[in-house]
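Let me begin by presenting the structure, written as structure tokens, before commenting on it.
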Amino acid sequence: MNATSKTNPPASFQSVHGLGVACALAAGVWLGAAEAPTKLVNSGLSPFAISLCMVAGVFTARWTIPTLLKGTRSVFADLNRNKHLIVNAIVAGMLWAVANTLTVFAIRDVGLAIAFPLWNTNSLVGILWGRLLFGELKGASGKNIAKVVLGAVAIVVAAVMLGFSTIHGNGPHAAHALAGILAAAGASLLWGTMYVPYRKAYISGMNPLSFVTVFTIGELVTCFALVLALDGGTHAAIFHSAETKHLIFWLFLGGFVWVIGDLFQQFATKYLGIGRAIPLSNTNQLWGLAWGALVFAELAHADWSHRLLVVAGSVVMILGALAVSTAVATERENTSTHEALMRECSRYGLDYDRVLQSYAGIASQRSGAVPDRRSWWDYAIVAAAIGVFVYFGCNARVPALAMDFTWLSILVAVLIAAALLSGWRLWKSTRFS
């Protein structure tokens with residue numbers, strides 16, 4: 001490590017800002033769509049059971065997609081180099097599982113329109129943790145600080161406006177309002193804190209695809225534990241009721257869609273930091289509203305005041321996202337990030353050059369690097385995942401729910417386009433490093 005590298009960040013620190021923004025916005029598109037399959041479920045299942053089914057879909061996707069993109073050889077070699085981060089990834093998965101279960105309670109008690117904006121305040125929690133633990137925004141210009149903080153606040157305000165635009169009348173949730181609000185606030189705190197292990201992993205040189213592979217173990221184990229401890233144990237309906245079989249596919253699908261969005265969010269967190277990535281990916285509510293209003297006609301009977309809230313909230317969210325996305329880190333701020341990276345290398349005895357290359361998205365060509373080769377078991381993993389989806393798909397029932405298939409086709413096309421464009425840029429720039 002030369003003297004210059006010890007004191008100054010490399011130029012590549014700044015070059016990944018645009019890539020991180022593209023990933024964060026693509027994450028918003030996919031995370032917003034993840035709620036659509038779950039809308040098809042009106043099951044009476046407990047929040048614990050719903051969360052478990054979604055996490056089962058998440059688990060399936062989290063092993064399949066990294067296998068497709070990098071191969072298990074590369075993933076496990078990365079985990080072997082970063083053994084000290086495996087516990088971090090499991091803890092992050094546990095935080096996600098509890099937060100996700102809380103959101104189901106919140107939706108049940110106060111409705112999605114109120115719960116969604118409340119848990120999206122995780123962007124403000126993330127900005128605080130990013131500043132305190134990783135020096136994000138340290139040394140940033142006053143203009144950039146204003147862009148990030150005020151942009152994040154604008155996105156939260158817009159989320160509230162969009163949420164209330166879907167409320168018509170008093171609703172059925174008044175009796176459980178306090179419990180629902182507390183559940184949503186708890187989810188916000190946990191999801192904002194969950195990004196701390198993410199960021200720590202990426203400034204230590206870990207690949208997001210490797211991180212999520214372990215992350216999902218924490219998710220699945222925690223959801224099973226919650227069902228066994230709080231939802232009837234081995235006698236829980238999810239394990240025995242034949243009526244639930246036709247619902248599982250939709251919850252699996254919601255989990256799978258969510259994973260694609262979360263993978264983009266992981267790369268955004270790596271290249272932008274917590275404070276910028278979370279607000280931008282929280283534009284998912286704009287896309288969730290689009291699915292609800294355009295495909296499921298949730299605003300068909302809304303009056304002019306609710307429609308005005310939709311327009312105003314959408315404009316405010318777009319302006320907030322624009323502010324955050326244009327807050328390109330200055331050299332002084334990058335120096336703070338560089339110092340955090342060096343602290344991780346010193347603390348755990350990591351190879352500085354390898355960590356720096358990984359953080360900057362530069363595919364390492366050093367001797368000993370494991371090539372992204374596929375083995376026979378990689379194809380077996382993918383085949384098994386497809387088999388699981390086919391099995392649950394054959395047992396699924398399409399609910400009698402009115403949908404606009406024209407808008408459904410348009411939004412699916414947007415999903416695919418966002419994934420292809422951002423995925424292509426990631427591969428071309430970093431080879432998913």
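The values are calculated or read from the model by the stated rules, or taken from the named source; none is laboratory data. The shown structure was predicted, so the numbers you read here are calculated from the model rather than taken from an experiment. Here the Cβ is made from the backbone with ideal geometry for all residues, glycine too, and neighbour counts use every protein chain on show. SASA here: full protein model, heavy atoms, side chains in, ligands and nucleic acids out. Shrake-Rupley method; radii C 1.70, N 1.55, O 1.52, S 1.80 Å.
Details
- Expressed as a whole percent, the proportion of Cα-Cα pairs in the stretch 35-154 lying more than 21 Å apart is 59%.
- Note on the chain: with charges restricted to the Cβ of Lys and Arg (+1) and Asp and Glu (-1), its dipole about the Cα centre is near 1120 debye.
- Residues in the stretch 291-296 carry Karplus couplings, in order, of 4, x, 7, 8, 8, 9 Hz; the curve used is 6.51 cos²θ - 1.76 cosθ + 1.60 with θ = phi - 60°, and Gly or Pro positions show x.
- Dipole of the chain [Lys/Arg +1, Asp/Glu -1 at C-beta], most positive-end residue of Ile238, Val324, Pro37: Val324
- Take 182-194, 22-34, 266-278 and order them by the average number of nearby Cβ atoms within 10 Å per residue, most first; the result is 266-278, 22-34, 182-194.
- Across the stretch 228-346, C-alpha contacts under 8 Å between residues 6 or more apart give a mean separation that, scaled by the residue count, equals a relative contact order of 19 percent.
- Computed per residue of the chain from DSSP H runs no shorter than four, each worth -39500 (n - 2.57), the mean residue ellipticity at 222 nm is -24500 deg cm²/dmol.
- Charges were assigned to the Cβ only: +1 to each Lys and Arg, -1 to each Asp and Glu. The resulting dipole of the stretch 17-101 about its Cα centre is roughly 280 debye.
- Solvent-accessible area, 1.4 Å probe, carbon plus sulfur percent, for the chain: 68 percent
- Label point distance in nm, Leu228-Ala383, each placed 7 Å from Cα along Cα→Cβ: 3.2 nm
- Within the chain, the selection of entire DSSP H helices by a Cα span of 18 Å or greater along the long axis and an average Kyte-Doolittle value of at least 1.6 returns 142-164, 208-230, 304-325.
- The packing ranking of peptides 146-158, 78-90, highest mean first, is 146-158, 78-90, where packing means the average number of other beta carbon atoms within 10 angstrom of each residue.
- For the pair the stretch 249-280 / the stretch 396-433, the C-alpha centres are spaced 13 Å from each other.
- A simple spin-label model places the labels of Phe405 and Ile318 3.0 nm from each other, with each point 7 Å out along Cα-to-Cβ.
- Cα shape, the stretch 231-326, gyration tensor, a/c 1.5 rule: oblate
- Take the chain with all the other protein chains still there, run a 1.4 Å probe, and you get 42 Å² of accessible area per residue.
- Cβ crowding within 10 Å averaged over residues, with 332-344, 281-293, 376-388 ranked highest first: 281-293, 332-344, 376-388
- Rounded, prolate or oblate (a/c below 1.5 giving rounded, otherwise prolate when a/b exceeds b/c) for the chain by Cα gyration tensor: oblate
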